[in-house]
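Colleague: Handing you a structure now.
The values are calculated or read from the model by the stated rules, or taken from the named source; none is laboratory data. This structure is a prediction, so every number in the text was calculated from the model and none was measured. For neighbour counting, all protein chains shown are included, and Cβ atoms are generated from backbone atoms with ideal geometry for every residue, glycine included.
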Amino acid sequence: MAYGLVYDFLMGQCIEAHNYFGAHFVENYNGENGVVFRLYAPMAEDVSVIGEWNGWDVGANKMNKIDDSGVWEVFVPNLSNYQSYKFHFKNAKGKYVDKADPFAFFSEFRPGTCSRLFDNRNFAWHDDPWMKSRSRNFDRAMSIYEMHLGSWKGQVDGRNLSYEEVADYLIPYIKDLGYTHVEIMPITQYPFDGSWGYQATGFFSVDSRYGNPFQLMSFVDRLHQAGIGVILDFAPVHFAKDKWALAEFDGTRLFEYNNKWRVSPWGSYQFDLGKDPVRSFLMSAMNYFVDYFHFDGVRVDAVSNILYYNGDKSLGENSGAVEFIKRLNAKLHIAHDTLMMIAEDSTDYSGTTRPTEYGGLGFDYKWDLGWMNDTLKYYSLDPIYKKYDHNKLTFSMAYFYSDNFMLPFSHDEVVHGKGTIINKLWGDYDNKFNLLRNLYTYQFAHPGKKLNFMGNELGSFDEWNENKSLPWVLKSFPKHDSVSRCVRDLNLIYRNEKAMYLDEHNPNAFRWLMVDNADQSVFAFQRKVGDDVLVFVFNMTPNYYEYIRIPLLEDGTYKEIFNSDKDVYGGNNQYNGLPLKAGEGSFEGLPYHFDIKLASLGACIFKKENPAPVKEVKKAKK
């Protein structure tokens with residue numbers, strides 16, 4: 001088995017390298033309990049494992065080369081959890097170096113740089129019902145709350161909350177807001193707080209800022225028991241340049257490129273995804289977190305920088321990296337048939353979410369960054385000029401059916417001087433809040449899965465800072481608390497109305513009702529599944545309409561089930577209280593219409609009322 005695994009590792013076909021390499025608690029052939037250390041370092045010589053137990057003595061635990069490909073091994077008895085260690089060896093340049101274990105399951109908290117032993121076997125899981133019922137959510141509502149663990153609640157008494165402590169606060173909050181999933185920003189070990197985890201040093205090592213592997217398992221387990229899915233954000237493009245980690249690991253560029261593509265646009269080192277051992281390393285890292293920690297999905301960061309060199313299409317496709325992505329998605333889906341693979345991809349690459357057997361990349365979902373950019377640009381415009389960019393709100397449906405899209409308002413949009421979501425919007429204080437509720441209604445109404453970064457629900461004017469807690473004090477202000485109420489109700493409607501999440505890629509399930517009214521900047525569309533019909537209307541200007549005629553496809557009576565201008569959301573209570581009966585004919589050429597009250601910068605959702613089924617009355621027997 002070991003020979004076959006090493007061979008698959010070298011061929012770039014292995015997703016279980018973590019079960020062989022690294023430090024594993026075992027019982028040896030003599031019945032001794034201890035740890036077997038295995039290291040892949042082809043150009044290393046005179047290799048030792050040094051640690052707390054041997055006083056960092058380079059001669060105490062020499063490793064044996066057990067394979068000509070460069071696999072080193074030693075068994076050390078009587079070791080225990082949390083003991084620190086490194087590998088000491090002569091590299092290809094003839095220098096002795098100390099390196100952290102690339103496959104370590106745990107690591108010292110910065111500024112420490114050592115790996116730490118941890119026996120990650122035999123955690124007691126309690127999420128079997130969840131695991132048996134989970135799916136890739138193609139036919140389910142999926143609304144994701146993206147979060148940075150350290151800054152969600154912030155530090156308490158100068159320390160980070162543990163994974164379990166975060167769960168204590170997070171579970172009731174997420175359940176109340178109605179989100180279906182949580183996506184956590186990278187928690188593979190990283191040294192610099194300001195990288196947010198996207199420049200890691202330990203790709204199998206749980207971020208020690210918040211606890212050990214069992215504590216992360218407990219975090220996921222408890223969310224699953226509460227009916228909340230958990231998605232891991234993972235960055236396979238690049239890694240931190242720290243000399244004690246992966247950089248020039250054995251004196252050669254074992255993990256990174258050998259050429260000009262070595263340094264990424266972020267100043268870190270880029271993985272050479274054309275090297276087969278690197279492919280196995282990263283595929284195994286993602287599989288490790290899915291297998292051992294029960295993550296329901298993996299969001300793959302910076303896919304554009306995988307598809308094209310430095311993310312620049314003009315430089316040509318990176319064929320080796322494209323093959324890695326196809327292999328990753330195919331193998332993880334075979335191993336975990338209910339796992340979601342999600343691409344953060346800003347390109348127009350054809351077939352991102354097409355299955356690999358049909359020539360695609362094999363992702364399940366793709367972030368629609370074009371929709372996000374167009375939408376935020378449109379909502380930032382002065383209403384006077386919106387009619388000139390009318391197509392920014394209509395263009396997305398022209399390409400929506402080409403991929404399985406997710407609509408994100410992510411962390412990238414609320415940092416580095418970009419302003420928060422509410423700051424981006426046009427208008428004075430009140431108009432910004434009106435538009436914010438309109439924007440969130442549009443996001444939930446538009447086909448595609450939903451994602452919002454933590455704090456979006458607070459309507460904060462302060463950018464996210466990884467060193468500070470979210471401004472929870474805003475919940476004490478009605479204007480901000482009402483935004484949370486609005487997001488909660490949108491989530492609940494989204495999850496309960498089948499027309500908002502089923503049959504999304506059927507072109508007949510979505511129909512524009514009012515698409516060309518650029519002068520008034522009013523939009524309307526219908527979504528339909530079976531007998532369930534929803535009509536969505538958006539007013540993108542401050543003009544108020546006591547009555548405005550909206551074309552309809554179907555006759556019947558329509559009841560307003562949501563209005564962003566209700567006072568409970570901080571609005572002016574200009575809503576449609578009574579059911580509305582459709583009339584015949586409309587100026588848009590559709591067969592029916594209704595006349596509605598439409599608030600300034602308002603958004604509303606109407607549901608067609610279906611008559612109750614007539615119960616068959618059985619005749620009494622004589």
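Colleague: Taking only segment 43-69 into account, find how many residues are closer than 22 Å to Asn19 by Cβ and surrounded by fewer than 19 Cβ atoms within 10 Å (Cβ to Cβ).
Modeller: Matching residues across segment 43-69 total 6.
Colleague: Still on this model: Within 19 Å of Phe453 (Cα to Cα), touching a strand residue (DSSP E or B) at 6+ places or on another chain (Cβ under 9 Å), in contact (Cβ under 8 Å) with a residue 24 or more places away in the chain and surrounded by 17 or more Cβ atoms within 10 Å (Cβ to Cβ): which single residue out of Leu513, Leu490 fits that description?
Modeller: Leu490
Colleague: What pairs come out if I take residues in segment 121-141 that are more than 16 Å from Ile228 (Cβ to Cβ) and pair them with residues that are part of a loop (DSSP other than H, G, I, E, B) and modelled with pLDDT of 95 or more whose C-beta lies under 8 Å away, six or more apart or interchain?
Modeller: Arg136/Thr338; Arg136/Leu339; Arg136/Asp364; Phe138/Asp364; Phe138/Asn404; Asp139/Tyr501; Asp139/Leu502
Colleague: With the condition kept exactly as written, say whether any residue in segment 128-150 is out of contact with any Leu (no Cβ under 6 Å at 6 or more places or on another chain), in the same structural domain as Phe281 (by TED's automatic domain parsing), in a helix (DSSP H, G or I) and buried (at least 21 other Cβ atoms within 10 Å of the Cβ).
Modeller: yes
Colleague: So is Ala343 hydrophobic (A, V, I, L, M, F, W, C), farther than 30 Å from Tyr96 by Cα and in contact with a helix residue (DSSP H, G or I) (Cβ under 7 Å, 6 or more places away or on another chain) or not?
Modeller: Against the criterion (hydrophobic (A, V, I, L, M, F, W, C), farther than 30 Å from Tyr96 by Cα and in contact with a helix residue (DSSP H, G or I) (Cβ under 7 Å, 6 or more places away or on another chain)), Ala343 does not qualify.
Colleague: Now, a different point. Among the numbered criteria (1) assigned to a strand (DSSP E or B); (2) surrounded by fewer than 17 Cβ atoms within 10 Å (Cβ to Cβ), which one does Arg299 miss?
Modeller: Only one criterion in (1) assigned to a strand (DSSP E or B); (2) surrounded by fewer than 17 Cβ atoms within 10 Å (Cβ to Cβ) is unmet by Arg299, namely (2).
Colleague: Quickly run through segment 540-550 and pick out the residues that are crowded, with 22+ Cβ neighbours inside 10 Å and within 17 Å of Glu588 (Cα to Cα).
Modeller: Answer for segment 540-550, where residues must be crowded, with 22+ Cβ neighbours inside 10 Å and within 17 Å of Glu588 (Cα to Cα): just Ile550.
Colleague: Considering each residue of segment 221-271, count those that are crowded, with 21+ Cβ neighbours inside 10 Å, closer than 16 Å to Asn91 by Cβ and among the aliphatic types (A, V, I, L, M), and give that number.
Modeller: Within segment 221-271, residues that are crowded, with 21+ Cβ neighbours inside 10 Å, closer than 16 Å to Asn91 by Cβ and among the aliphatic types (A, V, I, L, M) number 3.
Colleague: Is it true that some residue in segment 513-531 is over 26 Å from Phe587 (Cα atoms) and part of a loop (DSSP other than H, G, I, E, B)?
Modeller: Among the residues of segment 513-531, at least one is over 26 Å from Phe587 (Cα atoms) and part of a loop (DSSP other than H, G, I, E, B), which makes the answer yes.
Colleague: Now, a different point. Since Met540 meets every condition but one in (1) over 18 Å from Ile493 (Cβ atoms); (2) without any contact (Cβ under 8 Å) to a residue 60 or more places away in the chain; (3) touching a strand residue (DSSP E or B) at 6+ places or on another chain (Cβ under 9 Å), which condition does it not meet?
Modeller: (2)
Colleague: Report yes if some residue within segment 218-232 is at pLDDT 95 or above and closer than 28 Å to Asp98 by Cβ; otherwise report no.
Modeller: Checking segment 218-232: not a single residue is at pLDDT 95 or above and closer than 28 Å to Asp98 by Cβ.
Colleague: Checking the condition surrounded by 20 or more Cβ atoms within 10 Å (Cβ to Cβ), hydroxyl-bearing (Ser, Thr, Tyr), within 19 Å of Leu470 (Cβ to Cβ) and in contact (Cβ under 8 Å) with a residue 12 or more places away in the chain, which residue from Tyr190, Tyr169, Tyr198, Tyr179 passes?
Modeller: Tyr179
Colleague: Determine whether Ala499 is of a type in the set (Gly, Ala, Ser) and assigned to a strand (DSSP E or B).
Modeller: Here the answer is no, as Ala499 does not meet what is asked.
Colleague: Now for a separate question. In contact with an Asp or Glu (Cβ under 6 Å, 6 or more places away or on another chain) and free of Cβ contacts under 8 Å to residues at least 40 places away in the same chain: does that describe Ala499?
Modeller: Against the criterion (in contact with an Asp or Glu (Cβ under 6 Å, 6 or more places away or on another chain) and free of Cβ contacts under 8 Å to residues at least 40 places away in the same chain), Ala499 qualifies.
Colleague: Another question about this same structure. Is it fair to say Ser314 is touching a residue at least 60 places away in the same chain (Cβ under 8 Å), of a type outside the set (Lys, Arg) and in a helix (DSSP H, G or I)?
Modeller: So Ser314 fails the test.
Colleague: Only one of Trp367, Trp426 is over 19 Å from Ala445 (Cβ atoms) and touching a Pro at 6+ places or on another chain (Cβ under 8 Å). Can you tell me which?
Modeller: Result: Trp426 is the single residue among Trp367, Trp426 that is over 19 Å from Ala445 (Cβ atoms) and touching a Pro at 6+ places or on another chain (Cβ under 8 Å).
Colleague: Also: Take segment 302-325 and flag every residue that is under 29 Å from Tyr163 (Cβ atoms) and either surrounded by fewer than 21 Cβ atoms within 10 Å (Cβ to Cβ) or among the small types (Gly, Ala, Ser) (or both).
Modeller: Selection gives Ala302 alone.
Colleague: Filter segment 151-187 for residues that are out of contact with any Leu (no Cβ under 9 Å at 6 or more places or on another chain) and polar (S, T, N, Q); which is farthest from Phe409 (Cα to Cα)?
Modeller: Taking the candidates together, the pick is Ser162.
Colleague: Could you name every one of the helices (runs of 4 or more DSSP H) located completely within segment 363-426 that has at least 1 residues being of a type outside the set (Val, Ile, Thr) and under 20 Å from the mean Cα position of the chain (by Cα)?
Modeller: Those helices (runs of 4 or more DSSP H) span 369-380.
Colleague: Among the residues of segment 263-289, what is the count of those that are in a loop (DSSP other than H, G, I, E, B) and either in contact with a His (Cβ under 6 Å, 6 or more places away or on another chain) or of a type in the set (Phe, Trp, Tyr) (or both)?
Modeller: The number of residues fulfilling the criteria is 3.
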